[in-house]
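The values are calculated or read from the model by the stated rules, or taken from the named source; none is laboratory data. All values reported here derive from a predicted model rather than from experimental measurement. Glycine gets a Cβ as well: all are built from the backbone with ideal geometry, and neighbour counts include every protein chain shown. Protein only, heavy atoms only, side chains kept; ligands, DNA and RNA dropped before computing areas. Shrake-Rupley method; radii C 1.70, N 1.55, O 1.52, S 1.80 Å.
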Amino acid sequence: MKIEIKDLHYTYPAGVEALRGVSLTIDSGEQVAMVGQNGSGKTTLVKHLNGLLQPTSGSVLIGDLDTKKVPVAKLAVHVGYVFQNPDEQLFCRTIHEEVAFGPRNLGFDASKIESLVADALNLVELSSRKETNPYDLSPTWRKMVALASIISMDTSIVILDEPTTGQDAVNVARIAHVVAELRKRGKTVITITHDIDFCAENFERVIALSQGKILLDGPAGSVLGQGEILAQTYVDPPQLTRLGKRLGLKKTVRNQEEFLSALKS
Amino acid sequence: MRERLSFYVKRESFLHNLNPLTKLVLALGLTLIGFLSPWYWTPLAIIFFIIAPLSFVGKVQRDFLNAAFRLILPATGFLFIMQALFQPVGKTELFSIWFLHVTRESLAYAFENATRIFAMVSSFTIFLLTTHPSELMSDLTHRGLPSQFAYVIISTIQIIPQMQAKAQTIIAAQRSRGLDTESSLFKRAGALVPLVSPLVFGSLVEVEERAIAIEARGFTSRHTKTSLREIPDSSFDKALRWILLLLVVAIIAVKIWLS
Ligand SMILES: Nc1ncnc2c1ncn2[C@@H]1O[C@H](COP(=O)(O)OP(=O)(O)OP(=O)(O)O)[C@@H](O)[C@H]1O
Ligand SMILES: [Mg+2]
């Protein structure tokens, strides 16, 4: 499903103007990373995609559904949102219940629910802990439960809000694997992240936000190459990109392969 | 969403800077004087010549007038009408509705009572508008109020908005996973069921965490505690408290002497 955001403004009831005119289109099946300093409005922006927040002005279309007119529960069929803080998302007593909560609400039949739950738990490697209480896990694993509870809904758009924060290398690799799997399944994935290496290695398109506006939007190679502009929102391009630049490589490189091949040519 | 369930309005004013205990004594003192004074117009005089000007001194006149007109006036007005109608005192009948007789005396009696209540509630309103609850509690614990007691008061003030905020986040999480909470009333009621257990359960977990957190900062320690914020208690504060105390005593004396 295509996402179309037109001149979106949002002001929190407390008076903070968090979004100040964001326009953007994301096609079906795209993998997008969203970066930007703390408080630049990333979370606020994605909360509009499933209707949790309603635009102060402007509009958000998911396919041909206007988020102003369609209730959150209906949008949930198409948009899955993994919260930044898993503790705001988890409320069931066992992991299995938690992961089954979404698909059950979407009205799938019992056998489909079971297979979706099994698949999601398998993807985050939690199959063996079905009956554990999510709050008995470490916060990092709670994030994986939150992730699974959205994957099991099989939505065509999946939003991850800072999935890698506080995760060790193995868990980051696991999340990268989940993103790759979702891409293979043809899902749209939008990931907010402060982990610029994770962003460079797993996403084709990068959107940089700054003070409620889009600073840069384009292919990862071109966005991450613009260090001076990214500095405005306190984002540092990956080490290798910066090193490549200092070495005078013609192409902006994002990962080791690109770096090596640029070095050889 | 409000941070806590308090009426406190943050301003920089003479009244805000008074010691919390002074303001408490002021509110209590005005209330007592209003109730005990033998002169009929005292409560009304307190309202117009003390409390109303005080709301300007504390720069909370708008909030005060808001509360006065929206809450206190309707409530005391209701009280006035009920007492005027149902108080079987006096003989000078003014008019009667069906079996209810309104007399001059019942009207006067009801008016006096209503103004007394108005004076009481409005003086405490001024107190609450200009005093931060935690400042009051920390001042009172310094004067020997058990800190457990202060904790109970403060946490009660905080718990309702916290539960509200928590309920809001759980509802948001459930809605974004397809739980229909906005269509029919029936579905809304049904949506309460999955809300209750995480809310109660989560709050209980929080109680434990909070207990650990405050214990880690020496809550039950027997040593004298110092305070990060010194709450000033000037000689003016002390003098004011004495004056109020004397006024209350004087009013009581006059009342006894006149009766
Ligand atoms: N519930 C809220 N009420 C009032 N203001 C808020 C609320 N949530 C966020 N804000 C403010 O809106 C602005 C944007 O916040 P947002 O959470 O969207 O930033 P973010 O880019 O996700 O930041 P981070 O990287 O820290 O997650 C910030 O100034 C923030 O303080
Ligand atoms: Mg955020």
Flag if B:F48 is away from ligand 1 (no atom under 16 Å from the Cβ), open to solvent by 50 Å² or more (accessible area, probe 1.4 Å) and out of contact with any Lys or Arg (no Cβ under 7 Å at 6 or more places or on another chain): yes
Hits in region A:5-14 - residues which are more than 8 Å from ligand 1 (Cβ to nearest atom) and over 24 Å from A:I157 (Cβ atoms): A:T11
Listing of strands (runs of 3 or more DSSP E) fully contained in region A:173-265 that carry 2 or more residues being open to solvent by 10 Å² or more (accessible area, probe 1.4 Å): A:205-210, A:213-219
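For the condition within 28 Å of A:Q54 (Cα to Cα) and part of a loop (DSSP other than H, G, I, E, B), what is the one hit in B:L179, B:L145, B:L192? Step through it out loud before you land on a result.
On the way: B:L145 fails: within 28 Å of A:Q54 (Cα to Cα); B:L192 fails: part of a loop (DSSP other than H, G, I, E, B).
The unique qualifying residue is B:L179.
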Whichever residue in region A:71-114 is at the interface with chain B (Cβ under 8 Å from one of its Cβ atoms) and within 16 Å of ligand 2 (Cβ to nearest atom) and, among such residues, is farthest from A:T155 (Cα to Cα): A:E88
Of all residues in region A:17-51 being within 13 Å of ligand 2 (Cβ to nearest atom) and among the hydrophobic types (A, V, I, L, M, F, W, C), the one that is farthest from the other protein chains (Cβ to nearest Cβ): A:V35
Strands (runs of 3 or more DSSP E) wholly inside region A:1-105 that include at least 3 residues being farther than 19 Å from B:R177 by Cα: A:3-11, A:17-26, A:31-35, A:57-62
Among residues of region B:191-206, those that are β-branched (V, I, T) and facing chain A (nearest Cβ under 8 Å), counted: 1
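Of all residues being among the polar types (S, T, N, Q) and open to solvent by 10 Å² or more (accessible area, probe 1.4 Å) in region A:45-91, which is nearest to ligand 1 (Cβ to nearest atom)? Just the residue, please. If you could, list the steps in order and put the result at the bottom.
Of region A:45-91, the ones among the polar types (S, T, N, Q) are A:50, A:54, A:56-57, A:59, A:67, A:84-85, A:89.
So of that shortlist, the ones also open to solvent by 10 Å² or more (accessible area, probe 1.4 Å) come out as A:54, A:56-57, A:59, A:84-85.
Details: A:Q54: 14, A:T56: 12, A:S57: 16, A:S59: 19, A:Q84: 6, A:N85: 9 Å.
The qualifying residue nearest to ligand 1 (Cβ to nearest atom) is A:Q84.
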Test for A:L61: is it away from every other protein chain (no Cβ under 14 Å) and within 16 Å of ligand 2 (Cβ to nearest atom): no
Unmet requirement for A:K2, which otherwise passes all of (1) within 13 Å of ligand 1 (Cβ to nearest atom); (2) more than 14 Å from every other protein chain (Cβ to nearest Cβ); (3) among the basic types (K, R); (4) within 20 Å of A:V158 (Cα to Cα): (1)
All positions within region B:80-106 that are among the aliphatic types (A, V, I, L, M), part of a helix (DSSP H, G or I) and open to solvent by less than 60 Å² (accessible area, probe 1.4 Å): B:A84, B:L85
Unmet criterion (only one of (1) over 21 Å from the mean Cα position of the chain (by Cα); (2) within 14 Å of ligand 2 (Cβ to nearest atom); (3) under 19 Å from B:A173 (Cα atoms)) for A:K68: (2)
Any pair with Cβ under 6 angstrom, 6 or more apart, that starts in region A:158-185 at a residue that is in contact (Cβ under 8 Å) with a residue 60 or more places away in the chain and ends at one that is charged (D, E, K, R) and away from ligand 1 (no atom under 16 Å from the Cβ): A:V158/A:K187
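So which residues in region A:231-265 are farther than 13 Å from A:M34 by Cβ and touching a residue at least 60 places away in the same chain (Cβ under 8 Å)? Spell out the reasoning first.
Taking region A:231-265 first, the residues farther than 13 Å from A:M34 by Cβ are A:231-232, A:234, A:236-265.
Result: A:Y234, single match.
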The one condition in (1) loosely packed, with under 13 Cβ neighbours inside 10 Å; (2) at pLDDT 70 or above; (3) more than 11 Å from every other protein chain (Cβ to nearest Cβ) that B:I214 fails to fulfil: (1)
Residue check for A:S152: open to solvent by 40 Å² or more (accessible area, probe 1.4 Å), small (G, A, S) and more than 9 Å from every other protein chain (Cβ to nearest Cβ): no
